[in-house]
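K.L.:
Supplied in structure tokens, the structure appears directly below.
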Amino acid sequence: MSVLKSTRAQITTAATVFIALSMQQAIPSSDDAWDEFRNDVEQSCTKAVSEMMTIEDIKVDPYGSETFGFAIIKGFEKDNKDEQQVVCVFDKKSKMVEISGFFDK
């Protein structure tokens, strides 16, 4: 009977540890971390498009997806009077960005 109690105690302990560790991953990042993320996306995207267009506005998705951050950048392509938009995709792991082609506004 003591073996059964010991096994039950081990299972209960293992389950408790598993639940505790799982809950830590579900807790959202701090506000400061999200602010830093949004700033990283904005700065990286601004730098990437600065030679292609004059930026009028940039809107950053506050949290992005699990893997990427996103921004929509509105402005004017060099030597073009028509307002344009591009999408910037920021890789959260590598910190690299890719820019879409121009969309007519």
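The values are calculated or read from the model by the stated rules, or taken from the named source; none is laboratory data. Remember, it's a predicted structure, so these values are computed and weren't measured experimentally. Here the Cβ is made from the backbone with ideal geometry for all residues, glycine too, and neighbour counts use every protein chain on show.
K.L.:
Out of (1) of a type in the set (D, E, K, R); (2) surrounded by 15 or more Cβ atoms within 10 Å (Cβ to Cβ); (3) modelled with pLDDT of 95 or more, the odd one out for Asp57 is which?
P.N.:
(2) is the only condition that Asp57 fails.
K.L.:
So, one more: Within the stretch 67-95, track down each residue that is out of contact with any strand residue (DSSP E or B) (no Cβ under 8 Å at 6 or more places or on another chain) and more than 13 Å from Met52 (Cα to Cα).
P.N.:
Answer for the stretch 67-95, where residues must be out of contact with any strand residue (DSSP E or B) (no Cβ under 8 Å at 6 or more places or on another chain) and more than 13 Å from Met52 (Cα to Cα): Lys81, Lys93, Ser94, Lys95.
This table checks each residue for (1) in contact with an Asp or Glu (Cβ under 6 Å, 6 or more places away or on another chain); (2) at pLDDT 90 or above.
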{"residue": "Met1", "(1), (2)": "no, no"}
{"residue": "Leu4", "(1), (2)": "no, no"}
{"residue": "Thr13", "(1), (2)": "no, no"}
{"residue": "Leu21", "(1), (2)": "no, no"}
{"residue": "Gln43", "(1), (2)": "no, yes"}
{"residue": "Thr46", "(1), (2)": "no, yes"}
{"residue": "Pro62", "(1), (2)": "no, yes"}
{"residue": "Thr67", "(1), (2)": "no, yes"}
{"residue": "Phe70", "(1), (2)": "yes, yes"}
